[in-house]
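The next block holds one structure in the form of structure tokens; read it before the comments.
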Amino acid sequence: MIEEKIVTIENESGRLDKVAAQVFSTLSRSQLKKLLAEGHLTVNNQVVKAKYKVQAGDVIKVMIPEPKHLDIVAEKMDLDIVYEDEDVLVVNKPQGMVVHPAPGHESGTLVNGLLAHSPLSTINGTFRPGIVHRIDKDTSGLLMVAKNDLAHQSLAQQLKEKTNLREYLALVHGNLKENEGTIDAPIGRHPIDRKRQAVVKDGRQAVTHFKVRERFGDYTLVSCRLETGRTHQIRVHMKYIGHALVGDPVYGPKKTITGKGQFLHAAKLGFTHPRTGEWLEFEAPLPDVFAQTLDRLEKSFKKI
């Protein structure tokens, strides 16, 4: 163990997972959930379930284990770097590339390539150097990367305060009734399938603003601006309103347009430069397969 935190409950009450998130505010709910599942979060030295009702006098202890060491090998890659200076870089990630290594998937990731290109921030340790936010393996588009800790702290704070710009283009099933709207629905782990996310009552706040860009009858191209950044947020939110992403292997229907995963592209990215205070904004064109699919849809729709 590298750290131990102990709190004696005075006034707090309710479920253990909710109370733990309050008293150990430096740890995320997902971290606490993992620690609880692994027996590293105890009440009165006993391993209990997340729904345990906390009472006055309870002693909650969390033991944070040393992170598993993962040797990340720098790999020379042909990266599409849109912008770079001494503090930050913006990279256009191709569809199919994992952002950072994980046990069992230790090479060929964006981080492997970035390490061969330049120094990266150390705030996330050896696990996710430089990575401030992520996009899914089968989502393409823009990511901001911190080259030092000063930049990382600033960019992370901007994400927390929702002052940056992250706008995606998504091709979804169906014809939306509205031209634009906002989905404000909490997201958390699916209650049955733990590998999926879902809109759940006790999830974390998630807000997505969408706008229709083009209609193709049974399909619609929308832009989605993230106010929060939950796992699979756009994919879950669009499914929630009845318009799952085309090609989504997890949340979409089986009968769909073939591709290499969901048609989702991080098209616009904007943030305040950590050192100069200047607002920077970038845009990345759609990948070929996405653009070609839209072209086919447009041609077939006009024939109707």
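The values are calculated or read from the model by the stated rules, or taken from the named source; none is laboratory data. This one's a predicted model, so the numbers in the text were calculated from it and none came from an experiment. Ideal geometry is used to build each Cβ from the backbone, glycine not excepted, and the neighbour counts take in all protein chains shown.
Quick notes
- Among the residues listed as Lys162, Lys147, the single one being under 30 Å from Val246 (Cβ atoms) and not small (Gly, Ala, Ser): Lys162
- Residue in the range 208-233 that is farthest from Thr139 (Cα to Cα), counting only those that are polar (S, T, N, Q) and modelled with pLDDT under 95: Thr228
Conditions (1) surrounded by 11 or more Cβ atoms within 10 Å (Cβ to Cβ); (2) more than 26 Å from Ile123 (Cβ to Cβ); (3) more than 26 Å from the chain's Cα centre (by Cα); (4) not polar (S, T, N, Q), marked per residue:
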position	(1), (2), (3), (4)
Glu3	no, no, yes, yes
Ser13	yes, yes, yes, no
Lys33	yes, no, no, yes
Leu36	yes, no, no, yes
Asn45	no, yes, yes, no
Asp58	yes, yes, yes, yes
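- Failed criterion for Glu180 (all others in (1) of a type in the set (Asp, Glu); (2) more than 22 Å from Val132 (Cα to Cα); (3) modelled with pLDDT under 95 hold): (3)
- Residue match in the range 253-274 (condition: of a type outside the set (Phe, Trp, Tyr), more than 25 Å from Leu79 (Cβ to Cβ) and at pLDDT 95 or above): no
- Residue satisfying condition, being in a strand (DSSP E or B) and not β-branched (Val, Ile, Thr), within set Lys51, Lys18, Lys61, Lys34: Lys61
- Taking strands (runs of 3 or more DSSP E) as the structural unit, those lying wholly within the range 157-248 and holding at least 1 residues that are within 24 Å of Val91 (Cα to Cα) and outside the structural domain of Val145 (by TED's automatic domain parsing) correspond to 165-173, 207-215, 219-226.
- A single member of Lys93, Lys137 is closer than 21 Å to Met238 by Cβ, modelled with pLDDT of 95 or more and of a type in the set (Lys, Arg), and it is Lys93.
Yes or no, residue by residue, for (1) of a type in the set (Asp, Glu); (2) in contact with a helix residue (DSSP H, G or I) (Cβ under 9 Å, 6 or more places away or on another chain); (3) farther than 19 Å from His173 by Cα; (4) surrounded by fewer than 17 Cβ atoms within 10 Å (Cβ to Cβ):
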{"site": "Lys211", "(1), (2), (3), (4)": "no, no, no, yes"}
{"site": "Glu214", "(1), (2), (3), (4)": "yes, yes, no, yes"}
{"site": "Glu227", "(1), (2), (3), (4)": "yes, no, yes, yes"}
{"site": "Gln233", "(1), (2), (3), (4)": "no, no, no, no"}
{"site": "Lys239", "(1), (2), (3), (4)": "no, no, no, no"}
{"site": "Leu245", "(1), (2), (3), (4)": "no, yes, no, no"}
